[in-house]
Amino acid sequence: ALKHRSSVEIGGLKMALIGRVPGSIAGGFMLFFVSTQALTLWIGLLVLFAVIVSVLPFRIEPTPQRMTLAGFFSGLFGTSSAIGGPPMALLLQHQEANQLRGNLSAFFVFSSIISLVVQIPAGFFTLHHLVITIPLLPAAGLGYW
């Protein structure tokens with residue numbers, strides 16, 4: 001995220017993050033009310049749908065409304081299954097490479113935090129998870145560097 005920060009478009013990401021919050025909350029509820037088998041099936045089908053749409057010969061332009069909607073679905077899928085990338089990647093896939101990397105990196109830094117905040121009261125991110133994550137943070141930092 002730091003390397004491509006000059007390529008980040010704050011306006012569009014703001015709308016995507018606004019959509020991410022209610023999407024993450026809905027994703028947290030899905031963890032309680034949707035069976036693992038049903039969630040696996042639907043997420044798999046939606047990822048396949050996104051792949052098919054991505055190879056079609058038309059462009060989906062990232063308008064503020066579409067960014068909000070993509071942020072919502074990214075939150076829904078990201079919080080419930082850790083696969084929040086396809087909605088945003090589908091919408092931003094035609095951007096210049098550095099802009100795409102910067103926007104997706106910045107979005108996922110903040111959206112991952114949003115998902116964790118939702119998963120804490122839901123009981124899916126506990127102190128145990130934090131303790132086993134802390135030793136891995138230096139390696140994650142090296143990966144970003």
- request: Go ahead and run the numbers for FRET between I113 and L56, Cβ-Cβ distance against an R0 of 25 Å, rounding to 0.05.
  value: 0.15
Contour excess over end-to-end distance, with Cα ends at L48 and R101 and 0.36 nm allotted per residue: 16.8 nm
Extension reserve of the L127-A139 stretch, reckoned as 0.36 nm per residue once the Cα distance is removed: 2.3 nm
message: With +1 assigned to the C-beta of every Lys and Arg and -1 to the C-beta of every Asp and Glu, and no other charges, what is the dipole magnitude of the chain about the Cα centre in debye, to the nearest 20?
response: 140 debye
- line: Listed residues L130, L116, L104; largest mean-square fluctuation, Gaussian network over the chain with Cα springs below 10 Å, found at L130
statement: Karplus-derived 3J(HN,Hα) from phi for region 80-85 (6.51 cos²θ - 1.76 cosθ + 1.60, θ = phi - 60°), whole Hz, x at Gly and Pro, runs 8, 9, 6, 10, x, x
- prompt: Bin by bin, in steps of 10 Å, what percent of the Cα pairs in region 66-122 do you find, going until the bin that has the longest distance?
  reply: 24, 54, 19, 3
query: How many angstrom separate the Cα center of region 3-52 from the Cα center of region 78-92?
result: 4 Å
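Each value in this text was obtained by applying a stated rule to the coordinates, not by laboratory testing. As the structure is a computational prediction, the values presented were derived from the model and not from experiment. Cβ: placed from backbone, ideal geometry, glycine included. Neighbour counts: every protein chain shown.
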